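Right, one structure below, let's go through it.
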Amino acid sequence: MYFIGFYALKLVNSASLRKGGSGSAYMEEYMTGGRGTGGFVLAMTLVATYLSAGSFIGGPGTAYTHGLAWVFLAMSQIPTGYYTLMVLGKKFAIVSRKTGANSISDFLRARYESSAVLIIASLSIICFLIAAMAAQLIGASRLLQGSTGLDYTTALIFFAITVVVHTAIGGFRGVVFNDTLQGAVMTLSTLALFIAIVMKGGGIGNIVQAMKAINPGMISPYGVKEGFMTVPWVSSFWVLVGFAVVGLPAVAQRAMSYRDSKSLHSGIIYGTIVSLVLLTGMHLAGAFGVTQVAGIKSGDLVIPTLITSLFHPVVAGLILAGPLAAVMSTVDSQLLVVVAAIVNDLLVNYIKPDLKAKFKTLRTITVVTSFIVGLIIVVLAFDPPELMVWLNLFATAGQLSTFLWPTILGLYWKGANAPGAIAGMVTGIGTYLFSNYLLPRPLGLHPIVPSLALSLLAFIAVAKVTRKPSEKVIRLFWGL
Amino acid sequence: MAEMGERHILEKNEYGFVEDPRYRECEKEVWYGVLLGIVNLVIWAAAGYGLGSGPVENYSYIMGFPAWFFVSCIANSLLAIVATIYIVKRKMRVMPLDPMTEEEAEEYVRNGGGKS
């Protein structure tokens, strides 16, 4: 398997060598795949990026414990398929072509012309995405551990090497190709698992009644535990994993990469259908699973246990490829964004600008950085916390607090300027970290809601009283 | 249209430059996404907490699911899919994404691209 992989990588590698003459052409090719993504591929990469291990391992595991209430919570992701692509929309694609932006950081640099904005953004990407990747690796390793009996550490190292080698050498093209395949595998696995569970349980009606017999809370929107799934807290997820995912740098990067408006249109349709099939199927499988395999203790082991107990070992292996694929595609695109932040945003812009012209050196640095970041993640994942979902949501919320408003306001509001963006980012991250550690449910909400609200207020207030952005920027973004 | 002269086809904004004519359409398409999002949210909340709040004993069922769950999650997802297909096929427009010259922008507006 590894040989085939390496051969494929060599091909990709030599292709990019022939194409990229200069350093900056290489960066564009590496980061956005040369903006050639078609509709189906766009949908699959987006779905694979945001429906991560959270939806495949953590989410269904939690649904196993809390029943339909957790599926209900997860359905706050109904809009993600269409919402992100419609809200960033064609304007984001047009602007990123006008400014030559390959990543969200390029976009922010062109829009705010401020080193401070860029440095805060890059540091936030590096910190929160490393946390996110560690969470994904933990999830995947638990999955391998739970289904094969492999030692946790071995599973972790095996998985990490595969992902890092792949991303380091392939760049966006490699990631995109892989994501498409993985998106397809994820969809098929989900359908197989869902159908198998429903057939074995004697139909949906019987399963729901069996859940009710275990605990009536399993089929109520308030869940089984008093005071956990409260209305304000559950509704907050519409912000955290629903509307605000527009602000995830990995998602925004995908929204720069499509070929033309037709690809965007079909991407929106495919993305909506595929993400809804995956979300509903996987979470219901977790919730229904409680009637078939009782007493699984760790949430992260529910899906692997269900799969191995329902299917013939060979089929089980194929189906397990689904959640593994989900993790892999999420980690590789996040790794890509982190490497972009370090090499593209910090190194080339602030430390050694002359690197832009040196294609070979740049490529070596990129590859080496990928390996170093990979190493840090593995070290972090060596000592895993109880449930990866919380680490994952922490990383998501941290990124949203940083990026949501600078991206949206920068794109649609002429008045958005650098001091406003800095105020918004600092307020957002500060409020989020503060309430995450000291005030777990402010007003009954998830901390992300007050943090985004305050961040927006700070952004607008500061931008109103400070100097407007330069006319040059406004012309670049709004002019022809 | 042509005799109106080129200056009238592309209007200048408060900064005194010609704004990209594609943005009007783009910004309209954003609202479709936002509105559909709000519709999904309202159905989710109304059905979930409206139908699901009574005692579990009194639940009614649709296709085996409790009614609150069927409407807020299953039916709502189907609505999202149908509405998305409708919006994309009927409301969103194909347009070039690359930077335009003034001539191309005029051409775009003349061909009805700038119509609201």
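The values are calculated or read from the model by the stated rules, or taken from the named source; none is laboratory data. What you see is a predicted model, and the numbers here were worked out from it, not measured in a lab. Don't worry about glycine lacking a Cβ; one is built from the backbone with ideal geometry, like all the others, and counts go over all protein chains shown. Ligands, DNA and RNA are excluded from the accessible area calculation, which covers all protein heavy atoms including side chains. Shrake-Rupley method; radii C 1.70, N 1.55, O 1.52, S 1.80 Å.
Given the criteria facing chain A (nearest Cβ under 7 Å), touching a Lys or Arg at 6+ places or on another chain (Cβ under 6 Å) and part of a helix (DSSP H, G or I), does B:CYS26 qualify? Here the answer is yes, as B:CYS26 does meet what is asked.
For region B:71-106, the tally of residues that are more than 25 Å from the chain's Cα centre (by Cα) and in a helix (DSSP H, G or I) stands at 4. Within region A:410-435, the residues that satisfy the criterion of being farther than 18 Å from A:PRO450 by Cα and aliphatic (A, V, I, L, M) are A:LEU411, A:ALA416, A:ALA418. What do you reckon, is A:LEU476 in contact with a helix residue (DSSP H, G or I) (Cβ under 7 Å, 6 or more places away or on another chain), open to solvent by 50 Å² or more (accessible area, probe 1.4 Å) and in a helix (DSSP H, G or I)? The answer is yes for A:LEU476.
Please specify each residue of region A:413-430 satisfying the condition of being open to solvent by 10 Å² or more (accessible area, probe 1.4 Å), in a helix (DSSP H, G or I), more than 12 Å from A:ALA121 (Cβ to Cβ) and touching a helix residue (DSSP H, G or I) at 6+ places or on another chain (Cβ under 7 Å). Of everything in region A:413-430, those that are open to solvent by 10 Å² or more (accessible area, probe 1.4 Å), in a helix (DSSP H, G or I), more than 12 Å from A:ALA121 (Cβ to Cβ) and touching a helix residue (DSSP H, G or I) at 6+ places or on another chain (Cβ under 7 Å) turn out to be A:PRO419, A:ALA423, A:THR427. The condition of being out of contact with any strand residue (DSSP E or B) (no Cβ under 8 Å at 6 or more places or on another chain), closer than 30 Å to A:GLU113 by Cβ, open to solvent by 10 Å² or more (accessible area, probe 1.4 Å) and in a helix (DSSP H, G or I) holds for only one of A:ASN392, A:ASN349, that being A:ASN349.
Of the residues making up region A:324-333, not a single one is assigned to a helix (DSSP H, G or I), within 30 Å of A:GLN209 (Cβ to Cβ) and not β-branched (Val, Ile, Thr). Looking only at region B:35-58, decide whether some residue is more than 19 Å from A:TYR222 (Cα to Cα), buried (at least 17 other Cβ atoms within 10 Å of the Cβ) and touching a residue at least 12 places away in the same chain (Cβ under 8 Å). Within region B:35-58, one or more residues are more than 19 Å from A:TYR222 (Cα to Cα), buried (at least 17 other Cβ atoms within 10 Å of the Cβ) and touching a residue at least 12 places away in the same chain (Cβ under 8 Å). The set of residues in region A:256-312 being outside any helix (DSSP H, G or I) and within 14 Å of chain B (Cβ to nearest Cβ) consists of A:MET256, A:SER257, A:TYR258, A:ARG259, A:ASP260, A:THR291. When each of A:THR84, A:THR99 is tested for being crowded, with 24+ Cβ neighbours inside 10 Å, within 14 Å of another protein chain (Cβ to nearest Cβ) and either in contact with a helix residue (DSSP H, G or I) (Cβ under 7 Å, 6 or more places away or on another chain) or not aliphatic (A, V, I, L, M) (or both), the lone residue that passes is A:THR84. Does region B:50-64 contain any residue that is facing another protein chain (nearest Cβ under 7 Å), in contact with a Pro (Cβ under 7 Å, 6 or more places away or on another chain), under 23 Å from A:SER235 (Cβ atoms) and at pLDDT 95 or above? No: region B:50-64 contains no residue that is facing another protein chain (nearest Cβ under 7 Å), in contact with a Pro (Cβ under 7 Å, 6 or more places away or on another chain), under 23 Å from A:SER235 (Cβ atoms) and at pLDDT 95 or above.
The set of residues in region A:252-273 being of a type in the set (A, V, I, L, M, F, W, C) and at pLDDT below 90 consists of A:ALA252, A:ALA255, A:MET256. Here A:LEU108, A:LEU144 are screened, and the one residue that is open to solvent by 20 Å² or more (accessible area, probe 1.4 Å), of a type outside the set (Gly, Ala, Ser) and on the phi < 0 side of the Ramachandran plot is A:LEU144.
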